[in-house]
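Remarks on the structure that follows.
Every number here is computed from the coordinates shown, using simple stated rules; none is lab data. What you see is a predicted model; the values in this text were computed from it and never measured. Here the Cβ positions follow ideal geometry from the backbone for every residue, glycine too, while neighbour counts run over all protein chains shown.
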Amino acid sequence: MEFLKIKSLIKWKYFPFVILGIGMFIIHTCINLGWGDDKEMFYPILQEGNSNMISFLNDRYHSWSSRIFIEALLVILVHLEPLWRILDTAIIILGAVSISKLVPSHHERATNWIIIGLLFMYPFTHMGSAGWMATTLNYLWPLSFGLIAMIPIKKTLFNEKIFWYEYLLYIPALIFSANQEQMSAILFAVYLMVSIYLFFNKKMNGFLFIQTIICLMSILFILTTPGNEIRKISEVGRWFPDYNNISFIRKIEMGFSSSWFEFVMKPNVIFIVFSLLLMIGMMTTQKNKTYQWIAFVPITSSLIFGLLSPVLGGLFPGFFEIKNSMTQYGTGVNFVSIISWIPDIILSLVFLSILVSLFLVFSDKKYSIVTIFIILLGFGSRLLMAFSPTIWASVERTFIFMYFAFLICSVFLYVEIVKVRLNKYGTIIKIILLILALLSFLNTLYTLE
């Protein structure tokens with residue numbers, strides 16, 4: 001009887017998330033806490049003799065940040081380290097389940113294995129850059145809650161029922177996630193586009209309209225918070241003294257090139273997997289050889305300039321010039337020097353080939369539009385950092401939304417591939433992802449701080 005229960009559990013479509021939970025909890029038990037912003041900025045707040053929560057949040061609002069909901073929770077959790085380890089693991093599982101709910105699939109269990117494999121590939125060490133609790137609550141938690149807040153959109157578009165108790169989760173999830181600037185912009189863009197679509201199709205939904213208004217109010221709150229402007233002035237002097245002298249066009253280029261450098265010019269597991277699935281998808285669904293070649297651009301670029309660059313750089317030293325072209329001011333494009341254009345030309349070709357391939361690869365064009373929109377949102381969220389003097393000081397943590405854009409689109413591509421050629425490619429893809437997931441998991445364990 002016990003054997004049958006275990007067998008039934010293993011066959012459960014949500015069993016992959018059990019494995020994810022176990023793996024992530026192991027990672028969390030190995031994390032060293034009590035340093036960075038956790039210790040220096042937030043831990044002292046509730047100590048005896050120091051300011052209370054209300055006065056702290058009031059001071060932060062007027063002198064530093066609009067993230068009052070996030071920081072209120074953070075101030076409490078820095079005193080409850082074991083609870084954070086449990087909750088952060090749960091938040092990751094919730095994010096994974098949300099992705100599963102957002103991606104339509106006829107093979108949910110197989111798709112869920114793909115989701116957790118990709119999640120293990122995310123460089124989780126990025127979430128420790130400013131102190132583990134401060135970074136996860138400001139980036140990972142808004143992401144996961146933001147994914148939850150998008151579930152009613154999918155349910156509405158697919159005419160699925162939303163039970164009354166679900167609203168008790170969706171509204172707080174939206175409010176919390178929209179308290180983070182990048183996620184707030186993503187959510188507002190998503191809800192606004194869907195609301196416009198429903199309006200013109202005479203299917204306007206009252207709840208989604210309310211959620212859109214909440215997103216707009218959050219954007220306005222962020223833009224009018226006095227502390228954000230004061231913080232920007234302070235951080236210009238601390239991190240980027242020349243920032244105010246940089247032109248608008250230069251800032252756009254800096255945001256564009258720095259965003260795509262992370263994925264194309266560095267060895268990046270998630271981007272390589274995404275590019276590989278995109279190539280397989282095009283070879284599976286497109287008979288036109290010209291279209292197939294378009295999908296070779298991202299995977300070829302990520303291999304040449306990322307994974308294989310140490311070898312190729314020895315043979316062709318010019319590769320190092322391209323890879324090392326990133327400076328504090330972007331790639332340093334000079335309109336009178338054609339050579340200086342090359343890095344941005346390569347990155348632009350990769351970007352455009354991804355968009356074109358995503359449009360062509362799906363038989364149902366609504367998924368083409370959705371995946372293109374996801375990539376643009378992920379990229380746009382990182383491009384926004386060009387308008388912050390902390391674009392370099394924030395290091396890799398601000399890439400999380402772009403990482404998850406590639407991750408989610410990879411799931412869409414897997415679903416499309418197995419729908420067309422289940423027996424031919426499904427098993428091969430799973431084996432590749434399993435190996436990469438295990439290697440990524442071990443790498444995370446040994447690189448934690």
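Of Val350, Trp293, Leu433, whose Cα points farthest to the positive end of the dipole of the chain (charges on the beta-carbon: +1 Lys, Arg; -1 Asp, Glu; origin at the Cα centre)? The one lying farthest along the dipole's positive direction is Trp293. Under a model in which nothing but the beta-carbon of Lys, Arg (+1) and Asp, Glu (-1) is charged, segment 16-170 shows a dipole of about 560 debye around its Cα centre.
As a length-normalised measure over Cα pairs under 8 Å and 6 or more apart, the relative contact order of segment 246-444 settles at 28 percent. Counting every alpha-carbon pair across segment 246-444, the share separated by more than 26 Å comes to 35%. Taking the Cα centre of segment 331-444 as origin and assigning +1 to Lys and Arg Cβ atoms and -1 to Asp and Glu Cβ atoms, the resulting dipole is close to 380 debye.
Per DSSP helix of 4 or more residues, -39500 (n - 2.57); summed, then divided by the residues of the chain. What does that give at 222 nm, rounded to the nearest 500? That comes out to -23000 deg cm²/dmol. Loop-located GluC sites (Glu not before Pro) in segment 128-182 (DSSP state not H, G, I, E or B) with no more than 12 neighbouring Cβ atoms inside 10 Å: Glu160. Please report the net charge: other residues with Cβ closer than 14 Å to the Cβ of Val75, K and R +1, D and E -1. Every neighbour counted, the sum reads -3. Net charge dipole, the chain: roughly 1780 debye, given to the nearest 20, about the Cα centre with Cβ charges of +1 for Lys and Arg and -1 for Asp and Glu.
In a DSSP loop and with at most 11 other Cβ atoms within 10 Å, the chymotrypsin sites (Phe, Trp or Tyr not before Pro) in segment 327-422 are Phe335. Out of the trypsin sites (Lys or Arg not before Pro) in segment 227-335, which ones are loop residues according to DSSP with at most 10 other C-beta atoms within 10 Å? Passing both the DSSP loop test and the Cβ count: Lys287. The alpha-carbon of Lys289 sits under 28 angstrom from the alpha-carbons of these lysines, leaving out residues fewer than 8 places away in its chain: Lys365, Lys366, Lys419, Lys424, Lys430.
Candidates Leu315, Leu442, Ser275 compared by Cα position along the dipole of segment 246-444: farthest toward the positive end lies Ser275, with charges placed on Cβ. Can you give the local net charge around Val361? Use residues other than it whose beta-carbon is closer than 12 angstrom to its beta-carbon, Lys and Arg +1, Asp and Glu -1. Once positives and negatives cancel, what remains is 0.
Size estimate for the chain follows the Kirkwood approach: the inverse of mean 1/r over distinct Cα pairs works out to 23.3 Å. Take every Cα pair under 8 Å whose residues are at least 6 apart in sequence, average their separation, divide by the length of the chain, and the relative contact order is 20 percent. Model label sites at Asn244 and Phe158, defined 7 Å from Cα along the beta-carbon direction, differ in position by 5.0 nm.
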